[in-house]
Amino acid sequence: PQLTITDLILNAVHADNSDRERRSKNIIVSGMKESSEDNDVAEIFSLLRTEFRYDPANVSCQRLGHVNTNKLRPIKLHFPTSDEANWVLSKAKQLRNSRDPWVRNNVFFNRDLPLAERKAAFEARRLRRELSVSHQSTSVPEREGHKNNGDRSQPIRVIINSTRHNVRSDNMAG
């Protein structure tokens, strides 16, 4: 039997949903120093225990990509459920307060996204950093993040559209 356009669309939607479900159980960790494969597992599990108080008993992990002395390869963590992966992701900001300076400055946890979404998310983070740096370098007469408006100050809302990579700031209605 010949496939109709509807069948092709349904197959594509099903494949996309399956891919999203599979990826929802994964986290990509970047910035972990490389060592032997067994030591990588021990190091990432130790990080999960010490930083998040999470027991990684049912978590698997593997380095991604080819060995390159100039670049640290990311690690993919696979959790039994998407809820566990989401819980660990929700705690990822705690890494910025780690006692380990390497972890505090270099280790990042991100969702496992398809290439196009990963590039868009990276671009959105880059634009937020640029905006933050440019905002910090300008003198602001009132509290940082607020616009001087006579006696009132209004927060500045920043909208980042990750698909088109546009950044604009709007004054919030007040």
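Numerical summary
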{"read-out": "For region 12-125: accessible area per residue (Å², 1.4 Å)", "value": "63"}
{"read-out": "Protein accessible area in region 84-138, 1.4 Å probe - carbon and sulfur %", "value": "55"}
{"read-out": "Links that overshoot a 18 Å alpha carbon limit, given the list 71/91; 25/91; 25/76", "value": "71/91"}
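The values are calculated or read from the model by the stated rules, or taken from the named source; none is laboratory data. All values derive from a computational prediction rather than experimental measurement. Remember, those area values only see protein heavy atoms, side chains included, never the ligands or the DNA or RNA. Shrake-Rupley method; radii C 1.70, N 1.55, O 1.52, S 1.80 Å.
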